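Working notes, structure below.
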């Protein structure tokens, strides 16, 4: 009777830890609701400061124009649609709000998947959830502080003063088009900087190896320059500014994959020694 009760209690305890599919869906809905609320609050805050945030994005161009002409009021950004500035502010609020709320997104994702992971899986996944937004921020910082001044200077070099019988060519950038270009570059650099995270995770699950990545290095370099040519403005400075960091990150990915493989081999050796020792121990007891 006691054995049955004990077994029943044990089975009941194990069943209590098993969550039905409906409970998983309910929890997923709850996590998504928390993420949506965080995004909405961050959006409202960033929308309130949208003008200041847009001025921050325009600052690299403004600095170049002030340096060239010395007068802040000499240039302007224009809009040709009555709703253009309003929707630009909405895009800015969403863009900065999504980035500000990303730690909450990742936390909710972690809280959802962590209960179903083993301890070693948690240890493997947690660093990447931290590294991902950090690398995205590094990519955005690179494009803002390094690429923008060089690219804008390159494009401004095509302006002409005009002369006898010719008209001057001057920049009058549109608000929406400027924001679209800036966001495209920031997202491109941010996502490309996720390469070490992606390749290391692939190495952990066995979908990629350091040897395979090293052997395909030349194809990766060609692919990087093709991607850089597609997603950056059509000038060599922008393309090199994206391609070179990605190639460096690819080399870092190879090193990370080697570390993962060494750790996996070490864990496997320890596991073999443990089972080998237990087998020999059993044999000694039987003899």
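Nothing in this text is a laboratory measurement; each read-out follows from the coordinates by a stated rule. Not measured: the values here are computed from a predicted model. Here Cβ is always computed from backbone atoms with ideal geometry, including for glycine, and neighbour counts include all displayed protein chains.
Odds and ends about this structure:
- Computed over region 194-275, relative contact order equals 45 percent, with contacts defined as Cα pairs under 8 Å that lie 6+ residues apart.
- Between the entries [x] -0.40; [y] -0.34; [z] -0.56, the label attached to log10 I(q)/I(0) by the Debye sum over Cα atoms at q = 0.08 Å⁻¹ calculated for this structure is [z].
- With Cα atoms, 0 to 90° folded angle of helix 236-286 axis to the chain main axis: 0 degrees
- Full extension of the chain segment joining residue 198 with residue 59 gains 46.8 nm, where the gain is 0.36 nm per residue of separation less the Cα-Cα distance.
- In the chain, helical runs assigned H by DSSP with n ≥ 4 each contribute -39500 (n - 2.57); averaged across all residues and rounded to the nearest 500, the mean residue ellipticity at 222 nm is -27000 deg cm²/dmol.
- Gyration tensor (alpha-carbon) shape descriptor, region 21-158, a/c threshold 1.5: oblate
- Ranking of 109, 82, 33 by count of other Cβ atoms within 10 Å, fewest first: 82, 33, 109
- Compared with the dominant principal axis of the Cα atoms in the chain, helix 2-16 is inclined by about 10°.
- Pairwise label distance in nanometres, residue 98 with residue 121, each label 7 Å out on the Cα-Cβ vector: 2.8 nm
- Förster-model FRET efficiency, 45 Å R0, residue 24 and residue 48, C-beta, rounded to 0.05: 0.75
- Rounded FRET efficiency, nearest 0.05, which uses the C-beta distance separating residue 261 from residue 109 and R0 of 35 Å: 0.85
- The chain: angle of helix 119-142 to the longest principal axis, Cα-based, in degrees nearest 10: 10 degrees
- GNM result for the chain, Cα springs below 10 Å: residue of 209, 107, 80 fluctuating most strongly: 80
- Which of 224, 58 has the fewest Cβ neighbours within 10 Å, and the rest in rising order: 58, 224
- Ranked list, fewest to most other Cβ atoms within 10 Å of each Cβ, for 136, 189, 87: 87, 136, 189
- The value of relative contact order for the chain, using C-alpha pairs under 8 Å at least six residues apart, is 18 percent.
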